[in-house]
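Asks: Submitted below is the structure of interest, expressed as structure tokens.
The values are calculated or read from the model by the stated rules, or taken from the named source; none is laboratory data. Worth saying up front: this structure is predicted, and the values here are computed from it rather than measured. Positions of Cβ are generated from backbone atoms using ideal geometry, with glycine treated the same way; all protein chains shown enter the neighbour counts.
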Amino acid sequence: MAGMAVVALAAVLIFGVLSYYSGSRKTTHVSVNRMRYPVKGIDVSYHNGEIDFEAVAADTVSFVYIKATEGGTWQDSCFTRNFDAARAAGLLTGAYHFFRFDVSGLRQAYNFIDGLQGRRPDLPLAIDLEEWKNVPDVTTADVIDRLAVMVDRLRAEGYKVMIYTNKSGYSRFLHRGFEDLDIWICSFTDPPTGGPWRFWQHSHQGRVRGIKGKVDMNTFNGGAEDFAEYLQGI
């Protein structure tokens, strides 16, 4: 009986290890078909440290989303440096804001605008909407109301707006009421979602020259000509 117990325990441990390597480790990366999705991008923040954007641009990267702000007051200390260096390297630039569920939409909109410090991104302003690292006790209705206020304010200031979210956030917040907004979806399945999407974050495990360590990888939904046409409408 003792021998059988040891064998059973070993089986459980092996199963756990295999589950870790075949499950959780694989859930943060999908390799995309670059023949179908040739426009490659990344997103970065101060967490990525010093970035050589000339090297990034030389590594077939076309665009970069850069964190600007979060909530009602926080601003990324590396935003202006990253933005200016990326643009100087010839990369198309975007800026994103991490949305806090418990902060008014108007306050967050003005923090985002202030954090840009007069810079006009090439890509739509992106609102990062996700439950991760957000307070759990705010109702879905309140989040949607605050998000709508932020979107309306940014649009009133002349910006095109896009929402970044994952499948959970899409299902909870965006399946109705924001159909006219572009979606930047975070997904580690192919295809990424059953709904429409404009950009796809398909990896947290990317490697790009000019950045030490891993970086988030993204792609545009379409070819180079589609991307050029899309940019004309921003």
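Asks: Tell me, please, whether a residue that is part of a strand (DSSP E or B) and either touching a helix residue (DSSP H, G or I) at 6+ places or on another chain (Cβ under 6 Å) or more than 23 Å from Lys133 (Cα to Cα) (or both) can be found in the stretch 47-61.
Replies: no
Asks: Against the conditions (1) in a loop (DSSP other than H, G, I, E, B); (2) touching a helix residue (DSSP H, G or I) at 6+ places or on another chain (Cβ under 6 Å), where does Arg100 fall short? Just the number, please.
Replies: Failed condition: (2).
Asks: Regarding the stretch 201-212, can at least one residue be identified that is crowded, with 20+ Cβ neighbours inside 10 Å and either among the charged types (D, E, K, R) or more than 16 Å from Val61 (Cβ to Cβ) (or both)?
Replies: No, the conditions are met nowhere in the stretch 201-212.
Asks: Could I ask something else about it? Out of the residues in the stretch 196-218 that are among the small types (Gly, Ala, Ser) and within 17 Å of the chain's Cα centre (by Cα), state the one that is nearest to Val149 (Cα to Cα).
Replies: Ser203
Asks: Condition first: on the phi > 0 side of the Ramachandran plot, touching a residue at least 12 places away in the same chain (Cβ under 8 Å) and assigned to a loop (DSSP other than H, G, I, E, B). Can you find one or more residues in the stretch 76-84 that meet it?
Replies: No, the stretch 76-84 contains no residue that is on the phi > 0 side of the Ramachandran plot, touching a residue at least 12 places away in the same chain (Cβ under 8 Å) and assigned to a loop (DSSP other than H, G, I, E, B).
Asks: Pick from Arg107, Arg119: which is out of contact with any Ser or Thr (no Cβ under 7 Å at 6 or more places or on another chain), closer than 20 Å to Trp74 by Cβ, of a type outside the set (Ser, Thr, Tyr) and surrounded by fewer than 16 Cβ atoms within 10 Å (Cβ to Cβ)?
Replies: After ruling out the rest, the residue left standing is Arg119.
Asks: Let me ask another. Within the stretch 126-143, how many residues are among the β-branched types (Val, Ile, Thr) and surrounded by fewer than 18 Cβ atoms within 10 Å (Cβ to Cβ)?
Replies: So the count comes out to 4.
Asks: Among (1) under 21 Å from His202 (Cα atoms); (2) touching a Lys or Arg at 6+ places or on another chain (Cβ under 8 Å), where does Leu181 come up short?
Replies: It is condition (2) that Leu181 fails.
Asks: Another question, then. Which one of the conditions (1) modelled with pLDDT of 95 or more; (2) among the hydrophobic types (A, V, I, L, M, F, W, C); (3) in contact with a strand residue (DSSP E or B) (Cβ under 7 Å, 6 or more places away or on another chain) does Leu174 fail to meet, given that it meets all the rest?
Replies: Checking Leu174 against (1) modelled with pLDDT of 95 or more; (2) among the hydrophobic types (A, V, I, L, M, F, W, C); (3) in contact with a strand residue (DSSP E or B) (Cβ under 7 Å, 6 or more places away or on another chain), the one that fails is (1).
Asks: Out of the residues in the stretch 195-222 that are among the small types (Gly, Ala, Ser) and touching a helix residue (DSSP H, G or I) at 6+ places or on another chain (Cβ under 9 Å), which is nearest to Arg36 (Cα to Cα)?
Replies: Checked the stretch 195-222; the qualifying residue nearest to Arg36 (Cα to Cα) is Gly222.
Asks: Counting only residues that are farther than 18 Å from Gly94 by Cα and free of Cβ contacts under 8 Å to residues at least 60 places away in the same chain, give me the strands (runs of 3 or more DSSP E) lying completely in the stretch 121-234 with at least 1 of them.
Replies: 161-166
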